[in-house]
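Student: Before anything else, here's the structure in question.
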Amino acid sequence: MADDDEYIYDEVSGEWLPASEIAARNAAANTIEVRDASGALLADGDSVVLIKDLKVKGAGQTIKQGTLIKSIRLTDNPEEIDCKFDAIKGLVLRTEFVRKR
């Protein structure tokens, strides 16, 4: 550690800690875990498979069970993922209807 680090009093531990360490600890505490229907951890870029036929509101289309969705993106909501599908722009799926491939 450098001597010029700013130190902040951590009330949880009762110690003076470097600001960079407290920032890293806070960032780790703010991460959101997104899990699929079977409990597997999802990440940006994963591929998922639908476990149920889903009617898409506004598109007048149904996406069938077993459809592969590639390159998902996580959202701020741990129950939703953003993805691309052939004819549907801005498709958002609930994680309860997908399984990690």
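Throughout, read-outs are computed from the coordinates displayed, never taken from laboratory work. In this text, all values refer to a predicted model and were calculated from it rather than measured experimentally. Backbone-built Cβ (ideal geometry, glycine too); neighbour counts: all protein chains shown.
Student: Quick one: net charge around A43, please, counting Lys, Arg +1 and Asp, Glu -1 for every other residue with C-beta under 12 Å from its C-beta.
Tutor: Charge balance in the 12 Å sphere: -1.
Student: Label K57 and A27 with points 7 Å out from Cα along Cα→Cβ: what is the distance between them in nm?
Tutor: 3.6 nm
Student: Between beta-carbons, use under 12 Å as the cut-off and find the net charge around R99, counting Lys and Arg +1, Asp and Glu -1.
Tutor: +1
Student: Can you tell me what the convex hull of the Cα atoms of the chain projects to on average, as an area in nm²?
Tutor: For the chain, the mean projected area of the Cα convex hull comes to 9.2 nm².
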